[in-house]
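Taking it in order: structure first as structure tokens, then the write-up.
Throughout, read-outs are computed from the coordinates displayed, never taken from laboratory work. On a predicted model such as this, the values are computed, not experimentally measured, just so you know. Positions of Cβ are backbone-derived with ideal geometry, glycine not excepted, and every protein chain shown enters the neighbour counts.
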């Protein structure tokens, strides 16, 4: 059995290929998108055509959704399986999600509830996963303690990813949005911004921002979702991360592995970007308390970082997300916080209780090793896709 | 133990007195309506005279907390037990809360914790109670006869309601809360008007989490007060409590009016309220009802009774909920955390999650008479076994 993998450079592509191999599925890869992020749809069609004409594939696969790939697969009557690992993925607003050869897997239930009605037989909800074996290879090969940390976080501060700009907006709107942001910052497990923006207000906000995202032709226009998730959601994430690291860095030794500018947080140790495959597992493994702060556009689901920290036998404290108790046992596999104050208290507690911390990390590792590997997940995806 | 039971026009006093009698508690009564709960020289004189003339009184008991009684008791070393349904506390002399003779029982757990965290001693949590007999037809007649014998009016209500008028699909008793919110917004600039509207909308959208307390920060209050002080030439500013109360009332008002407005075209709705609202044209607006002689009839003759709590009650079970169930009424209510400690949703009462959910549940239960009756009966049984005055009074008096 052979499949065609349309790659764009996501960190989990290698893991998925490894998992396919375990099921005896060979992979041919298309790599153009990895090196050229502005590949024209016409070029994409041409490349796919030539690949699909050359050989017979059981299905085409990608991480995240590519409308052009979906359209081509629909013409060739080849199933197109894809796993969404980010949010927001604006390509999901494309009309192409209605294609009947799609098998779209969404890791976030809020996303699923939103998009499932547009193609009920072809859109599924499935959590993310981790590659325990890969991490173990890296961890066993490097016994140095160059990545040991009291508290660490691998990820962006979101400050550069937050394109919300209300400089030109009327003061009332600025105030209203700031009020919503403050309120949302206090709540974990329920993202309510979508509910509190009207279509009218969303359009007004967009109109104040020159160069804002515009849905292309043949996309379903959802300016409310766009403003709520892409613009305000990212802004809340930036604000949340600044506040979390401001508070934590006063009190603990906190390392952040990031490309973001951290000059406003002088006590935070910025250790630059971490290499995903070679350094990140060592960081997760050698840190006493790993943090996950889910970005707000992920409204209910569990981000990849959670699976990866546990897969590296790391101890994790994550923000509460509504899908968390469905997938993990809080306090047994990982720990969850519901406010910044709560996070601070829990860090202090677990720094003082190393045995408890290690036991939870051990449980978490054993649990993802048997339930949440790519091998398990790919098997579930294939059986859902072809049932 | 000999108790002086301070009475005013409060709820629950009748039930408490019945329990005192059943439990053979020695007590006498003192009735007074404060002109001002914080300052009332006439009261202080009368109350001191009373205590002077009855030297065997060793406990004073009241519904809600009176700073004046507390101060008098403290000077005399008499224990002062108060059972409080006032949320938030409408007293300004909060220093009296520190008096060591106080034994305060709040019906809302979070409110009790709030005062405990301030280091105030002898603060406890105690749910309210309701007396099923007082609300029964027999109990109503007893109250009416009692009032007739004392030549009091049967209804403390300008218009009596014909028995037929109580019949309806959905009823709601309560204020529509014309809040000070609009008034408080006027002096603000556009940014802060938007900001308050933002947090207000957020709080209204979230059921089961209370954010206002955390969101009204000192910095925000300072900013807002700079506008009020400027507009009033230095004479007006708000406290956090005042602003929080205004916002909570505004949210409650919007929720109540929205719910009633959406229900009015779908079924027959009776509203019993001192407030009128021009948006509720299809609702039967019947004015006040008398607590003892009319309210239980409202509950029993409405297919569905609605409770929409004042937003500031963070966790506790409001008296309205207990009274509806104790009268044998079927209840649909908003979520309050403490409800789940005693009641099973769907078995004893119904909890709605948001307004669309409320509309669906009203429609469902109007169409299912048997289910409704069973649930009302279960709710009644729970209240009579878990929220009766005898048990609560025993706990309040530690007997």
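Tabulated data for the structure shown
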| item | result |
| --- | --- |
| Sorted by Cβ neighbour density within 10 Å, fewest at the top, the residues B:12, A:209 | A:209, B:12 |
| Cα convex hull volume per residue for the range A:190-316 (Å³) | 157 Å³ |
| For A:279, A:22, A:150, order by how many other beta-carbon atoms lie within 10 Å, fewest first | A:22, A:150, A:279 |
| Principal semi-axes in Å for the protein assembly as shown [√(5λ), Cα gyration tensor, largest first] | 58, 31, 26 |
| Residue among A:338, A:13, A:200 with the largest mean-square fluctuation in a Gaussian network model of chain A, springs linking Cα atoms under 10 Å | A:200 |
| Cα-based shape type of chain A, given that a ≥ b ≥ c are square roots of the gyration tensor eigenvalues and the cut on a/c is 1.5 | oblate |
| D (Stokes-Einstein, µm²/s), Kirkwood Cα radius, the range A:88-175, 0.692 mPa s at 37 °C | 183 µm²/s |
| Compactness of the range A:1-127 as Cα Rg over 2.2 N^0.38 Å, two decimals | 0.99 |
| Prolate/oblate/rounded call for the range A:1-54, Cα gyration tensor, a/c under 1.5 rounded | oblate |
| Distance between modelled label sites at residue A:345 and residue B:38, nm, 7 Å Cα→Cβ extension | 3.2 nm |
| Relative contact order, percent, the range A:255-387 [alpha-carbon distance under 8 Å, six or more residues apart] | 20 percent |
| More than 34 Å apart - percent of Cα-Cα pairs taken over chain B | 34 percent |
| Max mean-square fluctuation residue, GNM over chain A, Cα-Cα springs under 10 Å, options A:76, A:367, A:57 | A:76 |
| Largest-first ellipsoid semi-axes for the range A:325-387, taking √(5λ) over the Cα gyration tensor eigenvalues, angstrom | 32, 14, 7 |
| Relative contact order of chain A, defined on C-alpha pairs under 8 angstrom at six or more residues apart (%) | 18 percent |
| Candidates A:205, A:360, A:11, ranked by Gaussian network fluctuation over chain A, Cα under 10 Å, top entry | A:11 |
| Average Cα contact separation per residue, chain B, under 8 Å, 6 or more apart, as relative contact order % | 17 percent |
| Gyration tensor (alpha-carbon) shape descriptor, the range B:237-346, a/c threshold 1.5 | oblate |
| Chain A - mean residue ellipticity at 222 nm from DSSP helices (-39,500 (n - 2.57) per run, n ≥ 4, rounded to 500) | -12500 deg cm²/dmol |
| Structure-based [θ]222 nm, chain B - -39500 (n - 2.57) summed over DSSP H runs of at least 4, per residue, nearest 500 | -13000 deg cm²/dmol |
